[in-house]
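Novice: Here it is: the structure, laid out below.
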Amino acid sequence: MIASERPRAIIAVDLDYFYAQCEEVRNPSIKSKPVVVCVYSGRTQESGAVSTCNYIARDLGVRSGMPIALAKRILRDNLTAVFLPMDMEYYQTVSERIMGLISSKGEKFEQASIDEAYLDVTTKQDANFRIAEEIGKAIKAEILSEEKMTCTVGVGQNKLMAKMAVDSKKPDGFTIILPGLERSFLNRLPVGKLFGIGPKTEEKLKAMGIVTARDLASADRETLSDHFGKKLGPTLRDIANGVDESPVVEKPIEQLSRIITLKSDANSFDFHDVLTPMSEYLSKKLFSSKMMCKTVGIILITSELKIKTRSKSFSPTTQSGDQILKVASELFYSFFEEQSKSPQGPISVRRVGIKVSDLVATSTSKKTETLEDYI
Ligand code: DGT
Ligand code: CA
């Protein structure tokens, strides 16, 4: 914080065990069981990794990134354990609704990932973050009542402290770090617990005798710069001091996409019917984001999980569902024409999608929404 400025009030929201919680919401009967969401690589029933799992599975030792075979071994005596494949379309839809809800509560909104966001509520702030607390609690209550989902909320005077507040108590947590209390909150933490400090940096710091945030907060600036460079060195010290001036930035939407799994694999263009709702969805999203697109692309995911894309740019820009549908259909048609002539024979396609990109604003008004590609 710059001393003369009054502190900002930043809220961080992180949805708990997001993909696994989405699965619990869809099927509440699994809520009391270990739930493991898997990214199957497709070769065997067990090849692939754990994407995430609920806290019941975590308590038993399952973790994100772990091989599915290991998670199955850990849970082998638990006959109730549920293993599910990822369903990104569904998680993306839930995320979009929740992000809409959060963004409506503050003036500046930044979506950091599919399940994390920051909200700047500085102008609504009073002493002791009382209004920020109210807004944070309202966000938690609304996500619970509207989506039946718990989340963790942190409040601090910058994004770093809001995030540290979130990480200090999960799941279903709510933590406020008042301005001035940053150092006492951070001091006792090992440096590896500070947001932005990974295992490699932690090791390097340890070798220099810097173990806790307290050590790092008062470490010699020159020594840090010598070891980590002129940019990272001072940043590390700032992190340990709870200093972070990065603003909450509303990221402009760069592209929008919609992708679905076909009822059965296709080796010709016989899925026109699924393209109409996708084009309409993209058209509506462009409209609500006050954007027009210059490029329409298609996405095909083969049964071997290879991704193929084609795109076409045009003028003038469009928002029209019919135009998106027309260009996408032409691209799909030529793709399969091309494939039919390929010496490797016809291709088998499992998932298809449409992407609109090269977006331009229809007005100068700012957008408050980010929808990322989710292949
Ligand atoms: P938490 O700790 O309650 O916030 O749990 P999550 O599951 O929400 O974890 P988070 O916020 O780190 O990640 C959000 C989502 O991203 C998560 O639901 C699944 C996905 N994800 C996280 N880590 C991995 C990973 O190692 N591999 C894959 N494929 N997906 C991951
Ligand atoms: Ca999360």
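Novice: Determine, yes or no, whether residue 120 is surrounded by 15 or more Cβ atoms within 10 Å (Cβ to Cβ), in contact with a Cys (Cβ under 9 Å, 6 or more places away or on another chain) and among the acidic types (Asp, Glu). Please lay out each step first, then the result.
Specialist: On the way: surrounded by 15 or more Cβ atoms within 10 Å (Cβ to Cβ): yes; in contact with a Cys (Cβ under 9 Å, 6 or more places away or on another chain): no; among the acidic types (Asp, Glu): yes.
In short, no.
Novice: Related question: Among the residues of region 290-301, are any modelled with pLDDT under 95, within 28 Å of the chain's Cα centre (by Cα) and open to solvent by 50 Å² or more (accessible area, probe 1.4 Å)?
Specialist: Taking every residue of region 290-301 in turn, at least one turns out to be modelled with pLDDT under 95, within 28 Å of the chain's Cα centre (by Cα) and open to solvent by 50 Å² or more (accessible area, probe 1.4 Å).
Novice: How about region 27-145: which strands (runs of 3 or more DSSP E) wholly inside it have at least 1 residues that are in contact (Cβ under 8 Å) with a residue 40 or more places away in the chain?
Specialist: By residue number, 35-40, 82-85, 108-113, 116-120.
Novice: Same structure again: Restricting region 170-180 to residues that are away from ligand 1 (no atom under 11 Å from the Cβ) and not aromatic (Phe, Trp, Tyr), which is least open to solvent (accessible area, probe 1.4 Å)? Can you show your working first?
Specialist: First pass over region 170-180, keeping only residues away from ligand 1 (no atom under 11 Å from the Cβ): 174-180.
Filter again for not aromatic (Phe, Trp, Tyr), leaving 175-180.
Numbers: 175: 23, 176: 52, 177: 4, 178: 54, 179: 51, 180: 64 Å².
Checking each candidate, the answer is 177.
Novice: Can you name every residue in region 64-77 that is exposed (fewer than 14 other Cβ atoms within 10 Å of the Cβ) and not small (Gly, Ala, Ser)?
Specialist: Within region 64-77, 73, 76, 77 meet the criteria.
Novice: How many residues, within region 300-311, are part of a strand (DSSP E or B) and under 22 Å from residue 88 (Cα atoms)?
Specialist: In the first step, residues of region 300-311 are kept if they are part of a strand (DSSP E or B); the result is 300-302, 307-311.
Next, from what is left, pick out any that are under 22 Å from residue 88 (Cα atoms): 300-302, 307-310.
Final tally of qualifying residues: 7.
Novice: Right, something else. Count, please, the residues in region 250-280 that happen to be farther than 14 Å from residue 328 by Cα and without any contact (Cβ under 8 Å) to a residue 60 or more places away in the chain.
Specialist: Selection size over region 250-280: 2.
Novice: Separate question: So for region 193-211 (the condition being open to solvent by 30 Å² or more (accessible area, probe 1.4 Å), in the same structural domain as residue 126 (by TED's automatic domain parsing) and more than 23 Å from the chain's Cα centre (by Cα)), does at least one residue qualify?
Specialist: Within region 193-211, not a single residue is open to solvent by 30 Å² or more (accessible area, probe 1.4 Å), in the same structural domain as residue 126 (by TED's automatic domain parsing) and more than 23 Å from the chain's Cα centre (by Cα).
Novice: Please work out which one of (1) outside the structural domain of residue 172 (by TED's automatic domain parsing); (2) hydrophobic (A, V, I, L, M, F, W, C); (3) touching a strand residue (DSSP E or B) at 6+ places or on another chain (Cβ under 6 Å) is the condition residue 79 fails and give its number.
Specialist: (3)
Novice: Within region 329-360, track down each residue that is touching a strand residue (DSSP E or B) at 6+ places or on another chain (Cβ under 7 Å) and free of Cβ contacts under 8 Å to residues at least 60 places away in the same chain. Before you say what the answer is, go through the steps one by one.
Specialist: Taking region 329-360 first, the residues touching a strand residue (DSSP E or B) at 6+ places or on another chain (Cβ under 7 Å) are 331-332, 335, 347-360.
Matches in region 329-360: 331 only.
Novice: Here's something else I'd like to know. Checking residue 242 against (1) touching a Leu at 6+ places or on another chain (Cβ under 7 Å); (2) within 21 Å of residue 335 (Cα to Cα), only one condition comes out false. Which one?
Specialist: For residue 242, the exception is condition (2).
Novice: Is there any pair linking a residue in region 15-26 that is under 20 Å from residue 169 (Cβ atoms) and near ligand 1 (Cβ under 8 Å from one of its atoms) to one that is open to solvent by 10 Å² or more (accessible area, probe 1.4 Å) and polar (S, T, N, Q), with Cβ under 6 Å and at least six apart or on different chains, and which?
Specialist: Taking only residues 6 or more apart or on different chains, the pairs are 16/150; 17/52; 20/52.
Per-residue answers, yes or no, for (1) hydroxyl-bearing (Ser, Thr, Tyr); (2) closer than 26 Å to residue 39 by Cβ; (3) outside the structural domain of residue 113 (by TED's automatic domain parsing):
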site: 268; (1), (2), (3): yes, no, yes
site: 273; (1), (2), (3): no, no, yes
site: 280; (1), (2), (3): no, no, yes
site: 289; (1), (2), (3): yes, no, yes
site: 300; (1), (2), (3): no, yes, yes
site: 334; (1), (2), (3): yes, no, yes
site: 338; (1), (2), (3): no, no, yes
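Novice: Please go through region 146-162 and give me each residue that is part of a helix (DSSP H, G or I) and surrounded by 22 or more Cβ atoms within 10 Å (Cβ to Cβ), ordered by number. It would help to see each step written out before you state the result.
Specialist: Step one: filter region 146-162 for residues part of a helix (DSSP H, G or I), giving 146-147, 159-162.
Listed by number, the residues that qualify are 159, 160, 161, 162.
The values are calculated or read from the model by the stated rules, or taken from the named source; none is laboratory data. Keep in mind that what you see is a predicted model, and the values were worked out from it rather than measured. Cβ atoms come from the backbone with ideal geometry, glycine included; neighbour counts cover every protein chain shown. All accessible areas refer to the heavy atoms of the entire protein, side chains included, with ligands and DNA or RNA removed. Shrake-Rupley method; radii C 1.70, N 1.55, O 1.52, S 1.80 Å.
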